[in-house]
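Worksheet: one structure, shown below.
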Amino acid sequence: MAERPAVNASPLIFLSRADMLDMLKIEGERIVVPKTVADELKRRGPGDLTVQAIEKTSWLEVLETPPVPAVIQSWDLGEGESSVLAWGHANPGTVIIVDDLPARRCAAALRIPMRGTLGRILTAKKRGVIPKARPIVEKLRQSGMYLSDRVLNQALALVGE
């Protein structure tokens, strides 16, 4: 049985800013926030919306993750991405939630299942959790998430929008 999914900083930031943090629960009832990710976010200050969300959301669990194996270290990623990947590597079959392209490439190379913020929204639409994806994705873009119009339109076409 797969362990709880782990999430990196950017999906937490975008989804908390857009007041859509519940989109993470599509992957499971409890989501791991590696301590290195939580520490990275805390440096933003106690008034930061994402920091407050982590502290107040009971299903987000801040946990120590396994040491980062050399195979992940060789990718020269940030501490947060590396710790999320280490969680997925140590727990085969566990989904990690990352947006960073180099981290996604590392996950693919190591066959670690991954999803991104946009994927959470598309899955929610496919499962009928939300009626339309476009308004939510536009809200995420307004919250600072970068998506080109081409990527946005291709993604929305996958869910019939």
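FYI, it's all coordinate maths here, none of it is from the lab. Worth saying up front: this structure is predicted, and the values here are computed from it rather than measured. So basically every Cβ, Gly included, is an ideal-geometry build from the backbone, and we count neighbours across all protein chains shown.
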To the nearest 20 debye, segment 101-156 has a Cα-centred charge dipole, built from +1 on Lys and Arg Cβ and -1 on Asp and Glu Cβ, of 200 debye
Rounded Å value of the spacing that divides the Cα centres of segment 5-62 and segment 63-97:
17 Å
With no solvent and one equal point scatterer placed on each C-alpha of segment 1-78, evaluate the Debye formula and give log10 I(q)/I(0) for q = 0.22, 0.25 Å⁻¹, two decimals.
-1.05, -1.25
Amide H of Glu61 versus every other amide H placed in the peptide plane: which residues, excluding those fewer than 5 positions away on the same chain, fall under 5 Å?
Ile31, Val32, Val33
Projecting the Cα atoms of Cys106, Ala18, Ile72 onto the charge dipole of segment 11-161, where Lys and Arg contribute +1 and Asp and Glu -1 at Cβ, the residue farthest towards the positive end is Ala18
Using the crude model of +1 on Lys and Arg Cβ and -1 on Asp and Glu Cβ, and no other charge, please compute the dipole size for segment 6-116 relative to its Cα centre, in debye to 20.
140 debye
Among Leu118, Thr94, Val84, whose Cα projects farthest towards the positive end of the dipole of segment 28-124, with charges put on the beta-carbon of Lys, Arg (+1) and Asp, Glu (-1)?
Leu118
Can you pull the Kirkwood radius for the chain, inverse mean 1/r over Cα pairs, to one decimal in Å?
15.9 Å
